[in-house]
Each structure stands twice: as C-alpha cells, then as structure tokens.
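Inspection log for the structure reproduced underneath, given as structure tokens.
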2 protein chains.
Amino acid sequence: MNATRSVYFEDLAPGMRFDCPTREVTEQDIVRFAREFDPQPFHLDREAAEATFFQGLAASGWHTAAMMMGMATRSDFQPANGHIGMGVDGLRFQRPVRPGDTLHMHIKILNARRSTSQPRFGVVKVRWEACNDRGEVVAEATPSMWIEAREVRP
Amino acid sequence: MNATRSVYFEDLAPGMRFDCPTREVTEQDIVRFAREFDPQPFHLDREAAEATFFQGLAASGWHTAAMMMGMATRSDFQPANGHIGMGVDGLRFQRPVRPGDTLHMHIKILNARRSTSQPRFGVVKVRWEACNDRGEVVAEATPSMWIEAREVRP
C-alpha cells in the first residue's frame, strides 16, 4: 500500500509503463523459501549447488515470481481493486537469481479490454520484466488482471 | 527428496501421470506468505477480506503456485537432475484457495522431446492440476522442464 493514486480500467492504455521499488535477494531468503516450497540442492546449499545445473546457489523460480509480485504490489501501478490475477502466461526464467542480486522490475500495459462477462471490470494484460543489477533480464511474465472500471458500461 | 526411483528423459511418454502428497493450507501460512510477497487485504486479514472481490480470506495465487511446486518436488515424479523449469504457461487460478483447504495435485506428461541445443537433456512439458478437498480445480499450470537423458544422442 502506498500513496500513489489508484488507477481504474479507463486510465490504462497499451504502452504505459510503471516502475517498481528494487528488491535485494539474500542467501537466507533463498534458502528459507526453498525449504518450504522447493527443497532442492541448488536452492538449499551453497556448496551442494556448485555441482548442479545452476553451478551455484540460485533462487527458486517460484521465489523469483513471488518477489516480482511483491515489487508489483509496491509499485506506482495501483489498481483501485488491487492486483488480482486471472492467470499468467509466458513466465520465463532466463538467468539464475543469485544471493546478493538486487532486482529491478517494470510493468508495461500490453492491452486492456472491457470484460464481456463482468461489466464492472476490464481484463488487462501486463508485462513484468525483472533485471539484476548487471542489467540482465532474469525473469519475465505476462499476467492477465481484473481491473475495476470507474463506470459500468450498460 | 524421497525414495522413489529417479526418472530420465527416456522413461517419459505423453499421458503418464504421477501423484503428489496432499498439502494443507492454514490461515497462518496464507497471511505469512502475503506479508512478504503479496500484501493485499484479501490475503492478509480475514475480516477485511469479506468486502473484497474474494469475499473472504484467500491465498495469493503465487502462494498456491509455490505450494504446487512443493507438492511436485515431493511427488512420485523425480527427474534425475531435479525439477528444473525453463518456464511456465497456462497458470490459471480458477477458484480461491481458502484456510483449511487440503490441496491434491497430479502431474501429467503432455509431451517430451529431445533438446536440439543440449543433447544431454530433453524438454518435457507437464501439466499440474490442483484440486481442493471438494474436488474442485483451484489452479493449473503447464511448466516446461529440462530433464536429463540417460544417453547422450550423438
């Protein structure tokens, strides 16, 4: 929750971009998330991770996705009804997220259409892109969101 | 990690199904995840959630997805190189996940092809489907995984 003005469906157009606060990733965060949700050697133990596909400790992809959600909820993009996802496509993990990385994310509006089934809402497709502090894309996703309209279309 | 025999790319064929252990969802889990990754009223507070889109406390979709990953890592489906996702499509949140729900998940092999770029691996598309204890689908996803092959194709 922040002081940014709420946005409604009518305020959105393809191409609009919103910034998010950065997020630091610690080894402790990576290991804690992995213990509960993704207990595999490359997410749990720095030494054991060396001999794996990831060649070192890396965050679970689901941890990265959850951190992206955290950045979205704290961003300049504040839909009046909150961030409510119908679904997500195109979730890709391009590079490992490592302990000590700082993630940067922006949100871009891809398209916005009035819902046919729910006239109080629009369906808005957004693009999330997260980079590390070396400017490399680490992950991206395309959530489809329910966004409240200011006016109900008859 | 469990005692189930590891599977390799060559062992997999479309239509194969694997079961996962169930997972209970508590109010405390929902709120703890939301505080860190998705701090919105409908995931944080039982009373505040009543007046929202979800009409009651519901797990963050990213929490549900992370729990699905947890069930996959503890399932009968144990790739020799672990569960390594390239990406995920078709992540859908059909129904709210509520405190007290027990999630049931199965994994189905959709297709399996040899990687052209990495001859030691296959690219295997799997379907995750999670239901609550009333048999209603709550979420589904289609991860694409890197799965080690027993033999390197020349």
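The values are calculated or read from the model by the stated rules, or taken from the named source; none is laboratory data. Quick caveat: nothing in here was measured; it's all calculated off a predicted structure. Methodologically, a virtual Cβ is constructed for each residue, glycine included, from the backbone with ideal geometry; neighbour enumeration extends over all protein chains shown.
Some observations on this one:
- Matching residues in the stretch B:93-122 - criterion: being of a type outside the set (A, V, I, L, M), within 14 Å of chain A (Cβ to nearest Cβ) and surrounded by 19 or more Cβ atoms within 10 Å (Cβ to Cβ): B:Phe93, B:Pro96, B:Phe121, B:Gly122
- Under the condition of being among the hydrophobic types (A, V, I, L, M, F, W, C), outside any strand (DSSP E or B) and within 15 Å of the chain's Cα centre (by Cα), the residues counted in the stretch B:79-134 number 1.
- Selection count where residues are farther than 14 Å from B:Cys20 by Cα, touching a helix residue (DSSP H, G or I) at 6+ places or on another chain (Cβ under 7 Å) and surrounded by 14 or more Cβ atoms within 10 Å (Cβ to Cβ), scope the stretch B:125-154: 6
- Here B:Pro21 meets each of (1) within 7 Å of another protein chain (Cβ to nearest Cβ); (2) closer than 30 Å to B:Ala149 by Cα with one exception, condition (1).
- Residue match in the stretch B:67-75 (condition: within 11 Å of chain A (Cβ to nearest Cβ) and in a loop (DSSP other than H, G, I, E, B)): yes
- The residues of the stretch A:67-78 that are at pLDDT 95 or above and either within 11 Å of A:Pro21 (Cβ to Cβ) or surrounded by 20 or more Cβ atoms within 10 Å (Cβ to Cβ) (or both), listed by number, are A:Met67, A:Met68, A:Met69, A:Gly70, A:Met71, A:Ala72, A:Thr73, A:Arg74, A:Ser75, A:Phe77.
- So B:Phe18, is it touching a helix residue (DSSP H, G or I) at 6+ places or on another chain (Cβ under 7 Å) and of a type outside the set (Ser, Thr, Tyr): no
- Helices (runs of 4 or more DSSP H) contained entirely in the stretch A:1-66, each with at least 3 residues that are touching a residue at least 24 places away in the same chain (Cβ under 8 Å), out of contact with any strand residue (DSSP E or B) (no Cβ under 7 Å at 6 or more places or on another chain) and not charged (D, E, K, R): A:27-37
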